[in-house]
Each structure stands twice: as C-alpha cells, then as structure tokens.
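What follows is calculated from the coordinates using simple rules that are stated; it is not laboratory data. For clarity, every value in this text was computed on a predicted model and none was experimentally measured. Cβ sites come from the backbone with ideal geometry, for glycine too, and all protein chains shown count toward neighbours.
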Amino acid sequence: MTLRVAVVGGGPAGSSTAEVLAKAGIETYLFERKLDNAKPCGGAIPLCMVKEFDLPPQIIDRQVRKMKMISPSNIEVDINLIKQDEYIGMCRREVLDSFLRDRAAKLGTTVINGTVYKLDIPTNNTDSYTIHYADHSNGSAEGIMKTLKVDVVVGADGANSRVAKAIDAGDYNYAIAFQERIRLPEAGMQYYEDLAEMYVGKDVSPDFYAWVFPKYDHVAVGTGTMKVNKAIIKDLQAGIRERAAKKLAGGKIIKVEAHPIPEHPRPRRVVGRVALVGDAAGYVTKSSGEGIYFAAKSGRMCAETIVELSHNGTRIPTEDDLKVYLKRWDKKYGLTYKVLDLLQTVFYRSDATREAFVEMCADLDVQKLTFDSYLYKTVVPANPLVQLKITAKTIGSLLRGNALAP
C-alpha cells in the first residue's frame, strides 16, 4: 500500500508537513483556499528558521539588527544584535507561504486550490477519512464540490480550523492581531531600514504589545489583544498610530488586515488518525505572540513522525503513533511555552509592570538571554551568576515600578 495523507491549510505549518511527506514518497495532498493569501502577521522569523528551513535571501525583506522597546511613558530602550551574522528576518506572508508551498509541490505534493467543508470520520482504524471540499481551480468562489479519501489528515488550517472542529479538539482563547500596512516617504523607510519597534502600554494593548515592523516597501503597524471587540481594537490601533505618529508622518495605508491568534494549545491535538499543527493546534507563544517558526517546526515534526511510524508510508499509523509527535513536541518546547506564559502574566499586568519590563530590557545580560532565546528557540540557561543577576534585576525593576503590588 501507499499511504495517502491530506494536509488542510497551505501556510508554513501545512507546507512544511507536505514537504517532508512528499519527500518520503507518501501520496500527499495539500489544500489551500486562497493561494495568494496575505495573512496579517508581524512576519518576523528567527535566524534558526532561515537556516533550518533553507530559506533563500529573496524571502527576507529586511534583516533587522536593532530593536526599540518603548514603554508606556515613551522611554525608549535600544537593543542591538552584537554578532554581525545575526538578525531577525522580516517577511511578507504571501511571499513566504508561496515559496514553501511551491517547494512542497516540486517534491511531489498535489496542491489543491480548495475549501474543505466537511470531514467524514471512519468508525474503525483502517477505513478512509472522506474530505468534502469545493475545488476553486476553475477560478470561481463557489467552486465545484468534490471528495477525496485518505488514510491520515493533518489540520494546518489556522485558528478557525474546520479540521479541529470535526474531531472535537476543544476550544481555546484567542487574541486578535490587527495591522495596517503603511507606505512611508523615503526618509521614513530609511529610518526603519534595519529597525523594528515594539510598544507596550494599555493605550496600545491591555494584554500584549503593538509593533512597527519594516517590510519590503512599507511598514506593518499593528496591535494584538485578547479583547475581541471591534471598538476596542479600533481604539488600540489609534493608540499605536498616535504613539508612532512622528515616524509615520506622510504615510499611506495600502492594506488593512485582521486575524485571530490562538493563546494556548487545544485540549486535544491528535484524535484518531487526525493531527493538528501550527495555529490549528494552538502553538503561538505568549509574551512574544510569535508563531511562524513553531508552525513550520510542528508541521515538520508531525510529518517526520508519520514517515517514521508508517515505515515510509507502507502501513497506516495509529492514534498512538501520531501521539508520539505530541510527546516529542511537548518535551522539546513545553518549557519555552511555560516561561513565556509566566513572563506575560508578570509583565503585562499593568503599565507599572510594563515600565519595569522595558527597564529590564536595557540590561545587556537580559538582552543576550532574550535574543538567544528568540533567535535559536530555546530557553537558554545562563550561568548561575548571570541568572542570579537577572532575577535580582527583575525583582528590583518590579519594586521600583510598584509592580509587585496586588
């Protein structure tokens, strides 16, 4: 037999899944509703993703080596990458997603421009799953209704995952990312040449942060919040526009975008022969709100597990086989999520704690720990003396800002 796998969702999670499966000779189908999809997203990718996923230079719009952390009272802390070969990559999602999808297709993935509406679940461990979808390859929005039978399904279809609903994966809280793409005059774009800015304060986000990130010919200006209310989000976006007003002077809005972002993993990420990856699984980190690398990595790890335990597609993997992917994932990244969750709980509680957070960011040891953790996706263990210093500085900053008050 040849294993048949359907991957629903053609973003970094889905394409990375499909690439590994197709490379192993498994019959792979990748569904994507909008092939030109431009997901509203800060678009920052860590250095380890550039290397690990072999991303060519043309995918990266900007190499950011300088960050400004800006407190509620507009105190600015500059954070500079010291090593010349280190940077944070800034990309447009439509460019990144298209590249990864095309690469999966070249390796043998069948890419289907379609909307998946329903998943029929078999009553035993060997019968096929039936996918009901609208095929849009004729260019119509309605498409032509079709079905496909497969042995395994990977849900990579984002925060509003229909695959997750089909397997009753459970709900999670989610935040909303709202973003405007703004084309600035030449002087403004030069200012953001290799600089990204992060703003904190209840005026720009009560539980997250706002950003100005440089792209190819514009900046992305946005905010994230768990207050899922249009009026509140409108006020928060006005807040970041006001805080960054001088730097955005003369800018022209070329696109407005909004999208849900999961806040924690779903209660069930594997049910039967269906696995969830990326946003569908809930793999966005707290504190930083970053999810592109984790989406691609989870897709790759899930696919590697399928390849290994299906013996390169010669047997149908079981639910227990697919749960091996979850065990590996949680072992590798569980601590990272817990630490970032704790950071968000401590530092995003009030403007006093946000002031303390920005003050801490001025410390070089804190900067090194933070950037190492971000660039290489590990909670880097500093030596005990440095760790002690960082802990003391954290407490000191919180005390000075009266941030430890209940």
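General remarks:
- Dipole orientation for the chain: of the candidates 360, 167, 13, 360 has the Cα lying most toward the positive pole (charges on Cβ; Lys, Arg +1; Asp, Glu -1).
- Spatially proximal lysines relative to residue 34 (Cα-Cα < 16 Å; intrachain offsets below 8 disregarded): none
- Under 15 Å from residue 227, Cα to Cα: aspartates and glutamates that are on another chain or at least 8 residues apart: 203, 207, 235, 263
- Take the Cβ atoms of residue 187 and residue 311, set R0 to 56 Å, and the FRET efficiency comes out at 0.40.
- Ranked packing of 28-36, 338-346, 269-277, most packed first, by mean Cβ within 10 Å: 269-277, 28-36, 338-346
- Nearest-0.05 FRET efficiency for residue 341 and residue 362, computed from C-beta distance (R0 25 Å): 0.55
- The Cα trace of region 64-159 gives Rg and Dmax of 21.9, 61 Å, the first to one decimal, the second as a whole number.
- Once both labels are positioned 7 Å from their Cα atoms along Cα-to-Cβ, the gap between residue 66 and residue 35 label points is 4.1 nm.
- Rough spin-label spacing in nm, given labels placed 7 Å along Cα→Cβ, for residue 149 and residue 352: 6.5 nm
- Modelled this way, with points 7 Å down the Cα-to-C-beta line, the labels at residue 320 and residue 229 are 5.0 nm from one another.
- The charge dipole of the chain, taken about the Cα centre with unit charges on the Cβ atoms of Lys, Arg (+1) and Asp, Glu (-1), comes to about 220 debye, rounded to the nearest 20.
- For the chain, the 222 nm mean residue ellipticity estimated from helices alone, with every DSSP H stretch of n ≥ 4 adding -39500 (n - 2.57) and the total spread over all residues, rounds to -11500 deg cm²/dmol.
- Tilt relative to the chain, helix 384-400 - C-alpha long axis, 0 to 90 degrees, to 10: 60 degrees
- Here 361, 91, 302 are placed in order of increasing Cβ neighbour count within 10 Å, fewest first, which gives 361, 91, 302.
- Near-label residues of region 227-249 by backbone N, under 20 Å of a point 7 Å along Cα→Cβ of residue 202: 227-244
- Sequence of 75, 26 once ranked by neighbouring C-beta atoms within 10 Å, starting from the fewest: 75, 26
- In plain terms, the chain from residue 252 to residue 128 could stretch by 39.5 nm, reckoned as 0.36 nm per residue minus the Cα-Cα distance.
- GNM flexibility winner over the chain from 304, 242, 290 (Cα, springs under 10 Å): 242
- Among 236, 191, 208 the positive-end extreme of the charge dipole of region 150-282 (Cβ point charges): 236
- For q = 0.10, 0.17, 0.20 Å⁻¹, Debye-computed log10 I/I(0) when each Cα of region 224-369 counts as one equal scatterer: -0.53, -1.08, -1.26
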